[in-house]
1. Based on what the data block shows, is V112 under 30 Å from I201 (Cβ atoms) and among the β-branched types (V, I, T)?
2. Would you confirm whether any residue within the range 97-110 is closer than 30 Å to L286 by Cβ and at pLDDT 95 or above?
3. Please work out which residue is surrounded by the fewest Cβ atoms within 10 Å (Cβ to Cβ), limiting yourself to the range 55-78 and to residues that are in contact with a Leu (Cβ under 8 Å, 6 or more places away or on another chain) and under 15 Å from A134 (Cβ atoms).
4. With the requirement that a residue be surrounded by fewer than 19 Cβ atoms within 10 Å (Cβ to Cβ) and either over 17 Å from Y94 (Cα atoms) or in contact (Cβ under 8 Å) with a residue 24 or more places away in the chain (or both), what does the range 133-147 give you?
5. Could you grab me the full set of residues in the range 208-247 that are of a type in the set (A, V, I, L, M), over 19 Å from V173 (Cβ atoms) and not in a strand (DSSP E or B)?
6. Inspect the range 203-215 for any residue being free of Cβ contacts under 8 Å to residues at least 60 places away in the same chain, out of contact with any helix residue (DSSP H, G or I) (no Cβ under 7 Å at 6 or more places or on another chain) and of a type in the set (S, T, N, Q) and give the result as yes or no.
7. Residues to consider are V261, V255, V240; find the one that is of a type in the set (A, V, I, L, M, F, W, C), within 24 Å of S156 (Cβ to Cβ), out of contact with any Asp or Glu (no Cβ under 7 Å at 6 or more places or on another chain) and buried (at least 20 other Cβ atoms within 10 Å of the Cβ).
8. A260 is checked against (1) at pLDDT 95 or above; (2) on the phi < 0 side of the Ramachandran plot and fails just one. What number does that condition carry?
Amino acid sequence: MKTLMCLVLCPVLVLILVLALPATLGAQAIPIFVSGQDRDYVPLSQEDFTLITVRGPGELRLISRPRFRPDAGETHRFGLVVRVNGGAAQEIVYEDVERSTTAMFRDGRLGVPGRLVDYTLRLARGYHNIEVRAAQASPQIYFRHLFKPKRERRRSWVPLTPLRTPELVELVVRETLVPYYRNAAGEGFTLDVIGPTELRIFTRLENTPEMRGRIHYRLQIQQDGQVVNTYQLGSRRSEVAQYHREDALVPGRAVEVVVAVPEGKHRYELRSIDPDKPTFLARFMLPREDLSLTAD
């Protein structure tokens, strides 16, 4: 899979547009001259998804332009296939897109770029994986994205205990004792939640002292037996967390995802889908105002 990482750290709001140039494995950025400056775009593939990772809340703009060859017609029709957090793919279709009168390829042999079209995704808090590919081979689509973080509404959160209570692991985070749970190898975490609400999940990998750099891992969430989200995440060793009673391991940095729970009672399962990383630490929380909705 082609990989693109845009890490936006948002403990405080940055009132600027955060520009991340999409870079794909094996795809060279193509400069398009617009409004007096170059904007780097990358060609989208019909076969492979380009992966964008951002930390919400915020708005993600997916910006694309079709390529007009010299023998092309007056307009193009094309589509993007977009998948958020491993969910169902949706196709975004653009009709009657004309040549741009204000943009040009730096390499004139490529022809003329089309008019800019974009699509905005509004993302809740937590990390999100957005996958994008072209819906067809022709015309060639050139792509980039912009992410604008949003201020989070202050909410009070309370911890939620999984069913079949797994092993409790206490971490000390900035001098505060924080409970996490460790799953048994090959098993996941199970929770019953009544919506509508949000299920906030923090996960941490456990590192040996010799491990260095960013460690990537994949988690899958099922709702009522059906896969609803698959996350590709990454974490480094934490500089602010340590085990309360264990010395052999080093906890990773916490990575947060938030699951929107629809109305009604639902069973959720969280598990690793990496055979070489069967166990991890997890912590679950619900908004205090929705605590009365929690299943007994």
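1. On the way: under 30 Å from I201 (Cβ atoms): no; among the β-branched types (V, I, T): yes.
So V112 fails the test.
2. Just the residues of the range 97-110 that are closer than 30 Å to L286 by Cβ, to begin with: none.
No; the residues of the range 97-110 include none that is closer than 30 Å to L286 by Cβ and at pLDDT 95 or above.
3. As a first pass, look at the range 55-78 and keep what is in contact with a Leu (Cβ under 8 Å, 6 or more places away or on another chain): 55-65, 67.
Then keep just the ones that are under 15 Å from A134 (Cβ atoms); that gives 62-65, 67.
Working: L62: 20, I63: 17, S64: 24, R65: 30, R67: 21.
Top of the filtered list is I63.
4. In the first step, residues of the range 133-147 are kept if they are surrounded by fewer than 19 Cβ atoms within 10 Å (Cβ to Cβ); the result is 135-138, 146.
Matches in the range 133-147: A135, Q136, A137, L146.
5. M211
6. Checking the range 203-215: at least one residue is free of Cβ contacts under 8 Å to residues at least 60 places away in the same chain, out of contact with any helix residue (DSSP H, G or I) (no Cβ under 7 Å at 6 or more places or on another chain) and of a type in the set (S, T, N, Q).
7. Numbers: V261 fails: out of contact with any Asp or Glu (no Cβ under 7 Å at 6 or more places or on another chain); V240 fails: buried (at least 20 other Cβ atoms within 10 Å of the Cβ).
Residue meeting the stated conditions: V255.
8. (1) is the only condition that A260 fails.
The values are calculated or read from the model by the stated rules, or taken from the named source; none is laboratory data. Just so you know, these numbers come straight off a predicted model, no measurement behind them. Ideal geometry is used to build each Cβ from the backbone, glycine not excepted, and the neighbour counts take in all protein chains shown.
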